[in-house]
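Since the structure comes first, as structure tokens, the remarks are kept for the end.
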Amino acid sequence: MSFERFMDLALYAPGLGYYSAGSAKIGSSGDFVTAPEISDLFSRCVARQCAQVLSVTGGEILELGAGTGRMAAAVLESLAAVGMLPERYSILEVSGDLAERQRERLSALPASLRERVIWLERLPERPVRGVILANEVLDALPCQRFVVAEGGASASGGLANNAPAVGEPAAHESAVYELGVSSSGDAFVERAASPDTALAAACESLLKELPQPLAPGYTSEVCLRLEPWIAGVGDCLERGLLLLFDYGLPRSHYYHPQRVSGTLRCHFKQLAHDDPYINVGVQDITAWVDFTRVAEAGLAAGLDVAGFCTQAGFLLATGIETFVAEAVGTVEATRRAGEARRLLMPGEMGEAFKVMALTRDYDTVLDGFALQDLRHSL
């Protein structure tokens, strides 16, 4: 099978995949920690951006993949404090385990907030007017992996074993090969395989566009599900903002010649590693996001690219310093300052995580992108 198919099954196979099974995933007892779990400072900044948009569009908020529900709770509380509550706060969650955690957390909200929250099984048929939020969703879309070869020579992206090769390419074929997955007993390994038409075309276009050539053996990823995902979500946005948070890079940085092993990362019990073939079904598998591809997909879907910056830039522009300064007492002030450092510092989440705004029928300059860093130009 292709790596994309393997990743799809490992994450989403009913009852067996990482996101469809019942293990704890997010938080100190899970496998990784997201920005909303680190501090409500993050969610309060998100709420400030939501308030600006809702003041123009009215309508609702739709959150895609709401984690433990902590961000939803903090956003609703923050919006209530400024009198800018959405008509409805919808959550689309593919993980039954996480949906239960969300219901438990949000049940503690005041009735005036709790009654606005609903859960969806699929994207709404009626277009959304307001804000769509997606925090660390794009990195979990199954991706394809490829390896660059010179002169059509066979190239392998993983360990060799006695399992039969899967679609071993002939020496005269394309210089870009998909890393197909084969198995021997209960062990998975990668094998070189001829790319399908879509992957071959994507890689050919990519290699021609990059400012520097990639050396033979260079291994990386391309997510061909980004375009249909953005198109589908974009169809749901009648007017307003699609706000995306994830770790990633513009294309020229993503496929830098020195990034020879790609960006694939796995998370298991708070440890990050790069072997997707262990702990299958009980570890997260992600790849960084090519935000240039996201922007292209947004434009193709009729959306406007209204902003792109680092997480640090977004949080500073939406007033995180003000929220830190509101702390009462030394203990709270110290705690908030530490949380802010984790969210803002380059060595933590501040630079690796990016924020992109895609809008439809919305012309007001977004507060969160007032400090856009042109070094991260697409």
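The values are calculated or read from the model by the stated rules, or taken from the named source; none is laboratory data. Because the structure is a prediction, the values reported are computed rather than measured. Cβ: placed from backbone, ideal geometry, glycine included. Neighbour counts: every protein chain shown. For accessibility, only protein heavy atoms count, side chains too; no ligands or nucleic acids. Shrake-Rupley method; radii C 1.70, N 1.55, O 1.52, S 1.80 Å.
Some notes on this structure:
- For the chain, the carbon plus sulfur part of the accessible surface works out to 53%, probe radius 1.4 Å.
- Counted charge near Leu244, where neighbours are those whose Cβ lies closer than 11 Å (Asp, Glu -1; Lys, Arg +1): -2
- Radius 15 Å from Cβ of Ala202, net charge of other residues (Lys, Arg +1; Asp, Glu -1): -4
- Ligands, DNA and RNA are left out, and with a 1.4 angstrom probe the accessible area of the chain is 42 Å² per residue.
- Mean projected area in nm² (Cα convex hull; one quarter of hull surface) for the range 210-309: 8.2 nm²
- Average projected area [Cα convex hull, the range 1-102], square nanometres: 7.6 nm²
- Prolate/oblate/rounded label for the range 238-378 (Cα gyration tensor, a/c 1.5): oblate
- Counting only DSSP beta bridges with both residues in the chain, the antiparallel share comes to about 60 percent.
- Each principal axis of the Cα atoms in the range 298-378 has its own extent, and those three values, largest first, are 50, 26, 18 angstrom.
- The chain - Rg and Dmax from Cα coordinates, angstrom: 21.3, 70
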